[in-house]
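Worksheet: one structure, shown below.
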There are 2 protein chains.
Amino acid sequence: MTQTKRDTENMEIKNSITLAEYIFRRLRSSGTYSLFGVPGDFNLPLLESLYHKTADGKEVELLNWIGCCNELNAAYAADGYSRYTNKIGCLVTTFGVGEISALNGIVGAAVENVKVLNIVGIPPTHILNSSQYNIHHSIPNLKNSNSGVPNYKTYCDMVLNNITNNVEFLELSDIKNQNSNQVCNKIDQLIKNIFISSKPGYLFVPSNMTNMMVSSANLTLLPQINLDWALKSTRSNLSETIENDIIEEISQLLYKSKKPCILCDVFIDRFDCRIQVNQLISKLNIWNFSTMLGKSIIDEDNDRFMGTYNGVTSDSYVKDNFESCDLILHLGIETNEMNTGCYSFSYLPDAVIIEVGKDYIKISKHDGKISKIINDIMLRDVIQKLLHFIDDSKCTYSFDNNVESFPTYKNKLISKKSLENNVESKAQQTVTQDDLQVEIQTLFDKGDVVVVETGSFQFAIPDMIFPKETKLINQGFYLSIGMALPASLGVGIGMRDYPNCHINDNSEDATPKKLILFEGDGAAQMTIQELSSLLRYRIPIDIFIWNNNGYTVERIFEGEKRSYNDIMPWKWVNLLKVFGDHEKTFSKSTTISTVQELRCKIDELKNANPQKIIELIEVKLGEMDIPKNLKHIVEQMKLRQQNKSLIE
Amino acid sequence: MTQTKRDTENMEIKNSITLAEYIFRRLRSSGTYSLFGVPGDFNLPLLESLYHKTADGKEVELLNWIGCCNELNAAYAADGYSRYTNKIGCLVTTFGVGEISALNGIVGAAVENVKVLNIVGIPPTHILNSSQYNIHHSIPNLKNSNSGVPNYKTYCDMVLNNITNNVEFLELSDIKNQNSNQVCNKIDQLIKNIFISSKPGYLFVPSNMTNMMVSSANLTLLPQINLDWALKSTRSNLSETIENDIIEEISQLLYKSKKPCILCDVFIDRFDCRIQVNQLISKLNIWNFSTMLGKSIIDEDNDRFMGTYNGVTSDSYVKDNFESCDLILHLGIETNEMNTGCYSFSYLPDAVIIEVGKDYIKISKHDGKISKIINDIMLRDVIQKLLHFIDDSKCTYSFDNNVESFPTYKNKLISKKSLENNVESKAQQTVTQDDLQVEIQTLFDKGDVVVVETGSFQFAIPDMIFPKETKLINQGFYLSIGMALPASLGVGIGMRDYPNCHINDNSEDATPKKLILFEGDGAAQMTIQELSSLLRYRIPIDIFIWNNNGYTVERIFEGEKRSYNDIMPWKWVNLLKVFGDHEKTFSKSTTISTVQELRCKIDELKNANPQKIIELIEVKLGEMDIPKNLKHIVEQMKLRQQNKSLIE
Ligand SMILES: Cc1ncc(C[n+]2csc(CCOP(=O)(O)OP(=O)(O)O)c2C)c(N)n1
Ligand SMILES: Cc1ncc(C[n+]2csc(CCOP(=O)(O)OP(=O)(O)O)c2C)c(N)n1
């Protein structure tokens, strides 16, 4: 793959190139090296253009094609690619059947602010513009059904304004009526908007346009598109003064605070400010917490990392400490049910809360009174300024040194628990989710990439301690099950295109990083065929399948014994063999039932670094066994439901 | 299953019942006995209501729950259920993640006029109406993003007016502000509209409403909803006279014709007029043809069945005969690319063309001049009147008795071909798609149900001769691959709920019918996990997997050797074992490479009737081998493309 990458980079660009070449080169110039998808009549000309003949007759791939088993999986993979690389994850689908199949992946990206671009190959312009044809994959025109002619824009209309505003539907006039730059500008603008909004986008390309010629001028004028450029080129007209004033105000509040903390949230990741925030933390040396969705942005080995705060569902140690702070600098805030412990955040009576959002700052007091809101101010700029302007020598805070960091506190508990687990009788017992919480974190090494599926086990994650630069990938709010397995494919491809891109100083770090996936059995059944693509593209990975006989997290709410929460029992350990590793040369599959076996397996996996194969580990769990945190949440939800029924 | 069915039918209905019970009973009363889906927080209360406690404390299931591996597959299954039974195929999904995952199945149903109802469990009304909460699975409000509150109607907005008009979003006021009948009327109306439009529909049900009480009065007043009632209750105000006049006019045209034919199209199936059309054919004894999408509606053993007409892509015998007719009575017409051989229908210069559409009649001449259009006249009424009013004794046509029916003509060709195939050397050769066309049809028996996936093999179907009352199920225009396998699950469940419902006189016919699926390897990989549900619900079926190493039909267009048309090679014959039939008690899997092996297998399958298990037959085919018909079509398409490029 890297081969292809370099080949193409040395390749000279002609002045006039095909639209398809323009699109693929533009994507490369924004950092995307691979793309995912499924072929279809209307995108074949586009796919064919991936293979570029150089002057000396050699054929190179402009981008690496990663074929997926279906479009939804391709969308999840593209999402995973973007979450890991912070570049645009791209998928190519065919008109109607493809884009609609992929839609749940795109909606997930929209909800979770992930930069995914769906390029849709659509019928040629003479079909789109004719009033005679009803071409396959198209939907009857409900608004004017008598015409007999479909609305070829229906699928576009559905997503525009509902899912995302980043939508371009190319038309012949974009090339013909003006100089061909118009179509290039549209594409550039779309890519820019995806970066700025951190939302998915759509590019609808008529199949006959892909081979039309456009000017490559934009590529020469602007050889690279990235987040910084995108932000700068749309910098708000908010005067430098207002921006500096608010930074100054925040600094002053901080200087006065006795017990301030940083609460690090998910937009820090999406706007690529991880390094800066970690620098800010080490500069200020104040308590720092993660939100549920922000988990793994902060390097948890810092002295004052105090855990994941999620309101009432938090570990009580974390909760008590957080709720004793007098200033909360909430960076990259995203407010929703999952990220706020069902809206149960609580602050010290006099606390000052400074929310730094994607594009705004809000300062308020514990009583909810807002003292200031500044809009149109971009997160990345704010973080950079905070880092530069705050004078840590002016800080006057005093933390109680008796209060240990969360990792220190937690590790003590764990070593106790681990000792228990070592007791012979315990070690022979079946694994519980509480055991998992203790054992699994011993698997992680610095820089590992951990993909976690929606399901009961996900709730064990917040209180695990991650080594430095671990990257957690989890669709924590949209919560569409089946996402994680195909997303791992995207992450694996991302790790190949960008080894160590999540490591602060990646020039120095050569230790290989593991890719690990945790997947429930019910979720796994949704998208299982993509295991096959992990084999096809030879992605080494450790996959844990939690075999608890169905939809446990649903059983907890309702229908413990109902068949609607059952699934078919599969022979998990034979899957990879059937899906392509017939000789078992690239995979190994094991079933685990006891704590002892789990420990051995983890040791084995740790020693098998660098990962060379796919390890699938089926872990048998109790049908009604769930992590402690989830119990809290379920109680909260039930309480809320009861309260509501009383009111109505 | 039938047990449950009878149990519930004898069950008395209380005056006041829960909304959920109302919904399920109403569905039963319209003929739906099973429903498909995946659980989720917001539909659990609904699912729980499936289990109904009778007065004597016994628990019965109001409808059979069929759990699927994912929502798209559930939608395909519901679609299959409806295509087979002509009742509403129902699926239950959870808010956002569920309905969006299922969407491609619903769009397919919309495009192909299939009666599917997606019941979506959505958040409780206090959440929907609050301006405070951002609940999981929901999407930010793009129209008012500053509010921080999602638009819980986004998903509903997307489908309404784009995919279907049959959408009900239940609100508390439907129960509270008026007597509770309002909500019942809404539901009844929705079901009625699904029947009348033959389009899918949506019912959005807030999770807290499912247990609210409503009156069961509607169920007593109208104990059954069916197509006839639905049509009658919305009978157009077109006067009886106009209706009779046009029937008279058609009759007169027919009486004058020397060589008339019936061209039977897909809406005849959707509006359940199969029996009547077959009666009309035998009454009139005129030439009759199927369209591509209408295939299998006509009993092909009638003396004057002349094959499937699809313009230039037709068998030349069929084409010549069709194009020699002087009157075409095109019943149940659906006009689109696939159904018209890429718009290449051709008529005799003086021919009269009578199109009877879903809700209109159009009479025109060969030159395209329309002599009459009548709107708002329903297909089912027209067919019934034609059957009753046409006086066959007045017909004056004279068919050349030297022209054999298509089956007679075809069978001669086939016996020649079969003889060739019997030659020792040929029998040992690898199977070609031309062989398939000859051999496969020997598998079919009267009343078999044949599900055909989109892909190269599909094009071998039109010219196969089906025994009487064979039912073909194929998504012939939307063409979403992966649909057929889960659809077979729905068909299988439908065959259990309604054995023999596709048999004219099903009281007399006790011979068991086979369920047969033809599936490409690429398509199979899209939705393979649903094999597991075939095992779970013990659906006997013969499944042919065409192993031609990837996306052959795409290779033909572009990229013969490209990796984007490759798929991972699977061990097909081990799949069922892994997916739940660990001891191989309910399945058998075989690989076939030669014509001889194929013939033996077919004999074996024919003898194994009634089917008792799942037989998976992997057939190895050449990578670039396609059926004759498809070659025609590809030529047509390429020609059209070339012409277009010349024009531009
Ligand atoms: C696409 C989709 N469908 C349905 C749901 C509802 N749902 C959430 S968790 C879950 C069960 C997950 O089961 P499993 O993966 O086995 O994990 P477990 O809870 O058993 O550990 C379901 C069905 C969902 N979130 N997404
Ligand atoms: C959901 C969806 N994605 C993509 C396509 C485009 N497409 C049509 S046929 C086909 C290949 C089918 O391959 P296979 O099932 O192996 O059948 P074959 O043509 O090889 O016989 C593809 C990818 C489609 N129709 N639907």
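The values are calculated or read from the model by the stated rules, or taken from the named source; none is laboratory data. Keep in mind the model is a prediction, meaning the values are calculated, not measured. Because the Cβ atoms are built from the backbone with ideal geometry, glycine has one as well, and the counts that use them run over all protein chains shown. All accessible areas refer to the heavy atoms of the entire protein, side chains included, with ligands and DNA or RNA removed. Shrake-Rupley method; radii C 1.70, N 1.55, O 1.52, S 1.80 Å.
The figures follow:
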{"read-out": "Cβ-based charge dipole, region B:215-311, positive-most Cα from B:Y255, B:F267, B:A217", "value": "B:Y255"}
{"read-out": "All Cα pairs of region B:457-575, percent lying beyond 16 Å", "value": "67"}
{"read-out": "Alpha-carbon centroid distance for the pair region A:181-207 / region B:413-457, whole angstrom", "value": "49"}
{"read-out": "Anchor A:K571: aspartates and glutamates whose Cα lies under 18 Å away (excluding residues fewer than 8 positions away in-chain)", "value": "A:E519, A:D521, A:E530, A:D542, A:D581, A:E583, A:E615, A:E618, A:E623, B:E530, B:D581, B:E583"}
{"read-out": "Over region B:406-633: Kirkwood hydrodynamic radius from C-alpha pairwise inverse distances, Å", "value": "18.1"}
{"read-out": "Gain in span if fully extended, A:K232 to A:T432, counting 0.36 nm per residue against the direct Cα distance", "value": "67.0 nm"}
{"read-out": "A:A55-B:K584 pseudo-label distance in nm [points 7 Å out on the Cα-to-Cβ vector]", "value": "6.2"}
{"read-out": "Per residue convex hull volume, Cα atoms of region B:240-394, in Å³", "value": "101"}
{"read-out": "Acute angle (nearest 10 degrees) that the helix A:274-284 long axis makes with the longest principal axis of chain A, alpha-carbon atoms", "value": "30"}
{"read-out": "Dipole magnitude (debye, nearest 20) for region B:526-570, charges at Cβ of Lys, Arg, Asp, Glu", "value": "160"}
{"read-out": "Angle between chain B longest axis and helix B:484-497 axis [Cα atoms, degrees, rounded to 10]", "value": "70"}
{"read-out": "Residues losing 20 Å² or more accessible surface upon assembly, region A:548-565, compared with the chain by itself, 1.4 Å", "value": "A:Y551, A:E554, A:F557, A:E558, A:R562, A:S563, A:Y564"}
{"read-out": "Rounded percent of accessible protein surface that carbon and sulfur make up, region A:394-502, 1.4 Å probe", "value": "54"}
{"read-out": "Net charge dipole size for region A:536-648 [Lys, Arg +1 and Asp, Glu -1 on Cβ; Debye, nearest 20]", "value": "180"}
{"read-out": "Cα long-axis angle, helix B:628-647 against chain B (0 to 90 degrees, to the nearest 10)", "value": "80"}
{"read-out": "Percent of C-alpha pairs per 5 Å bin, region A:5-232, short to long", "value": "1, 7, 15, 19, 21, 17, 11, 5, 2, 1, 0"}
{"read-out": "Whole-Å distance, taken between Cα centres, linking region B:150-169 and region B:102-130", "value": "8"}
{"read-out": "For region A:537-648, accessible area per residue (1.4 Å probe, heavy atoms of protein chains only), Å²", "value": "45"}
{"read-out": "Cα pair count fraction exceeding 16 Å, expressed as % - region A:184-230", "value": "47"}
{"read-out": "1.4 Å probe, heavy atoms, protein only - residues of region A:115-129 losing at least 40 Å² accessible area vs chain alone", "value": "A:H126"}
{"read-out": "Other protein chain Cβ atoms within 10 Å, averaged over every residue that makes up A:38-46", "value": "5"}
{"read-out": "Proximal aspartates and glutamates relative to A:K426, as straight alpha-carbon distance under 16 Å, when same-chain residues fewer than 8 apart are discounted", "value": "A:D434, A:D435, A:E439, A:E597"}
{"read-out": "Across the identical copies, how the B:P512 labels are spaced - nm, sorted shortest first, 7 Å along Cα→Cβ", "value": "5.3"}
{"read-out": "Position A:D320, label points 7 Å along Cα→Cβ, spacing to each other copy in nm (shortest first, one decimal)", "value": "9.5"}
{"read-out": "Cα-centred dipole magnitude for region B:272-355, charges only on beta-carbon of K, R (+1) and D, E (-1), debye, nearest 20", "value": "100"}
{"read-out": "For the protein assembly as shown, alpha-carbon Rg over 2.2 N^0.38 Å", "value": "0.95"}
{"read-out": "Calculated FRET efficiency for the pair A:Q279/A:K365, C-beta based, R₀ 35 Å, to 0.05", "value": "0.80"}
{"read-out": "Trypsin sites (Lys or Arg not before Pro) lying in DSSP loop within region B:183-247, provided at most 16 other Cβ fall within 10 Å", "value": "B:R235"}
{"read-out": "For region A:583-602 versus region B:564-607, the gap between their alpha-carbon centres in whole angstrom", "value": "30"}
{"read-out": "Protein heavy-atom accessible area occluded, A/B pair - total, 1.4 Å probe, Å²", "value": "8000"}
{"read-out": "Percent of C-alpha pairs per 10 Å bin, region A:521-648, short to long", "value": "11, 33, 30, 16, 7, 2, 0"}
{"read-out": "Label geometry 7 Å along the beta-carbon vector: A:K612 inter-copy distances in nm", "value": "4.9"}
{"read-out": "Translational D in µm²/s for region B:10-110 (Stokes-Einstein at 4 °C, 1.567 mPa s, Kirkwood Rh from C-alpha pairs)", "value": "92"}
{"read-out": "Shielded by partner chains, region A:60-103 residues - at least 20 Å² of accessible area, 1.4 Å probe, vs chain alone", "value": "A:W65, A:C69, A:N70, A:V97, A:I100, A:S101, A:L103"}
{"read-out": "Straight-distance crosslink candidates among aspartates and glutamates, where the alpha carbon sits under 14 Å from A:K446 and sequence neighbours closer than 8 are dropped", "value": "A:D299, A:E300, A:D301, A:E469, A:D505, A:E508, A:D509"}
{"read-out": "Distance histogram for chain B (every C-alpha pair counted, 10 angstrom bins, percent rounded to whole numbers)", "value": "3, 15, 24, 25, 19, 10, 3, 0"}
